[in-house]
1. In the neighborhood of V478, defined by Cβ-to-Cβ distances under 14 Å, what is the net charge if each Lys or Arg adds +1 and each Asp or Glu adds -1?
2. Can you compute the radius of gyration and Dmax for the stretch 508-585, using only the Cα atoms, both in Å?
3. Can you give the charge dipole size of the stretch 365-474 about its Cα centre, rounded to the nearest 20 debye, using +1 on the beta carbon of Lys and Arg and -1 on the beta carbon of Asp and Glu?
4. Can you give me the C-alpha center-to-center distance between the stretch 185-261 and the stretch 388-445, rounded to a whole angstrom?
5. Between S499 and R584, how many nm apart are label points set 7 Å from Cα along the C-beta direction?
6. If a paramagnetic tag sat 7 Å from the Cα of K235 along the Cα-Cβ line, which residues of the stretch 335-363 would have the backbone N under 20 Å from that point?
7. So what's the net charge close to E212: Lys and Arg +1, Asp and Glu -1, counting the other residues with Cβ under 14 Å from its Cβ?
8. Mind giving me the FRET efficiency for M458 and N197? R0 is 41 Å, r the Cβ-Cβ distance, nearest 0.05 is fine.
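Throughout, read-outs are computed from the coordinates displayed, never taken from laboratory work. What you are looking at is a predicted structure, and each value in this text was computed from that prediction instead of being measured. Reconstructed Cβ throughout: ideal geometry from the backbone, glycine too, with neighbour counts over all protein chains shown.
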Amino acid sequence: MLGFEAIGNLIIKRAVSTLVKKSIDKFDTSGTPQSQVKLLISMLEDEIALETKKENQQESTKYTLDNLYNHYKLAQAYDRQQIFEDSLGFSKEKMVQAVQGIKARLESLEKTTDKATIYNFLADYYEDKDYKEFDTYNLLALEYSDSVAKIYKRHAQSEMLNGKYEDALVNVQSAIDIEPLNSEYLSLEVEILLHLNRLDNLLPQLERMAEEHKKEKNLLKLSDDYILMAKYYGKVQKEAEASVYFKKAYELIEKFDDETFAVKKMYLLSQIAIIDGDEDKIFENETLEEPLGQARESVRLMELQNLGLRYRLDFIEIADGLNEKGMFYYNGGKYNNAIYVFKKALKIRKKILGEEHPDTAQSYNNLAELYRNMGKYQKAEPLYLKALKIREKVLGEEHPDTASSYNNLAGLYKSIGDYQKAEPLYLKALEIREKVLGEEHPDTASSYNNLALLYDNMGEYQKAEPFYLKASEIWKKVLGEEHPSTATSYNNLAGLYESMGEYQKAEPLYLKALEIREKVLGEEHPDTATSYNNLAVFYYGQGDYERAYEFMKRAVEVRSKVLPSNHPDLIGSKKGLEMIEERRG
C-alpha cells in the first residue's frame, strides 16, 4: 500500500501520540527500527485482544473507540513492516484484518479531525486496490478534514490515475478556489489541461511560474515547471524544445542526491530517450520490478506523504510517451520499432494501472492494429478481443473507444475474408458513432468508409457507393483536402469505379490520392505504396504495361523497406511485378 497519509509520520513517533494512551506510553524508542516495529505490533495485538474482550462484554463504548485506534495503529505498523518483509515476514492477511477492524468500529468516531485521519488512511489503503472504496473514503475525508484543499488535490491526482481528467480538473480547481496562490495546485491544473489538450495561454502561465520559482531559487518547483513546459512543446509537435526542457529539469534534479528522487530521474531520462529515439535505454533490465521496487522502498523509508500517486503518474506518463512514439513509428511504417515501444507501454500500463483500465485496453488495441497491418492476423485477434472486453466492462457499450474496438475487430475479420462476422460489428460501431459523435465526425466517416469497403469486397457495389461518397464528403469538410483520410476516400472510390468498369472516373481519383499521400505522408509510406500498387493494377487492366511496370516497381521498393518479407501486400506486389514483366516481354 503506497502513499498512506499515515506513513507521513514515523510509526514510532505516532506510538506515543494522543491516539493510544495506555501501555503504549511506555514504548522504548531505542534499538533498531525493525525491533521497534516488531515490539509495537506485539503490544498492539495484546491491547486489541484485551479491548475486544471488553467490547464483547459491553462494559463501555469507550473500549470500542480505543479498539478502533488500536486497529488503526496496528494497520500502520503492518504497513511499516513491509519495509522489512524479508526479516519479519509481512502478512497481507493480518493487514486486511486490521483494516476490517477499523471499518467495523467507524461509528464510534465523532466528527473530529481524527475521523478525517482515519478516512484518509482507508482511502490510501484502497487507492490501488478498489477505486470505489477509495472514492467513498476520500469523499468522507473531505467532509471532515481541516485541509480540504489538500484532499481535493489528492482526489484530482487519483482521477488522473483513472483517466478521468475532467473530474480531476474540477477537483484541482476546487483546491485553487480555497488556496489561489498555491503553486502546487496551479501546476497540477496545468498538467491536467495538457492532458485535455486545452493549450490556450498555457505557455505564458508556465513561463511566469518558472520566473517566480527562479527568483525564489526553488529548484524543485522550477524543475516541475520545466517538465510542464516540455509536455506543452510535445503537445504542439516541437520535440526539440520538449527535449531541451526535459534536460533542463533533469539537470536541476541531478543536484539532489536524495534517493526519493530516483523515480523522477528515471522519468526524465525516459522522456528524453523517447524523444531522442533511444527507447532501448528505458528499463534496460527489461523488467519493471526493480525500478518499481526501488520506488516503493524510497516512499516508505523517507516517509513521504502521497508520493505513491505521484510516482505512478510519472510511470503512466512514460507509458503515454512510449505510446505516442509507437504511433509515430506506426504511421511512418516502421512496424518493428512500433512493436518494441508498444510492448513497453503495455508492460508499464499493466503494472501501474492494472488489466482493466482504458489505457491498458488502448495498448492491446494498438498492438493488435500493428499486427493486423503486418498480416499477423492470429496475433492480432486475441489482442483486439482483450481490448474490447475491457472497454465494454469499464467504459460501457456506447462509448467511442468501444465503438473503435468493434470497428477494428470487424476490420480484422474483413482482412481474413470473414464478411459475416465483420458486417454486424461494423454496423454496431456505426450506430454508436452516429449516436454519440454525430454524423459529421471523422470517426463516423471512417465507419461509412469501412462499410463501403466491406460491401465493395462482397461485390455489392450499389450498397458501397453511397457510403464511400458520404465518408469522402465528411472528411473533406472536417479534415480538409490534403489529409490522409481524404486521400483514402479518393483511393477507395477509384477502386469501386474500376470494379464497376467506370475507368474515366477511377483514374483521376487514384492520381489525386497518390498526390496527397506523396505530399503528406512521403514516398516511403505503406499508404503511398498502396497508391503505387493500385495505379499499377489499373494501368495493367488498361493494357498500359509500361506505366503499370513503373508504378508496381515503386510499390515493391517501398513495401520491401517498410513491410516484413512475408507480408501479403509485399508478396502480392512482387507477384504483380512478375506478371507485368511477362507481358512487357
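1. Counting the neighbours of V478, the net charge comes to -2.
2. That works out to 11.8, 36 Å for Rg and Dmax.
3. 580 debye
4. The two parts, judged by their Cα centres, are 38 Å apart.
5. 2.9 nm
6. Label zone hits: 359.
7. Residues near E212 contribute -1 overall.
8. 0.60
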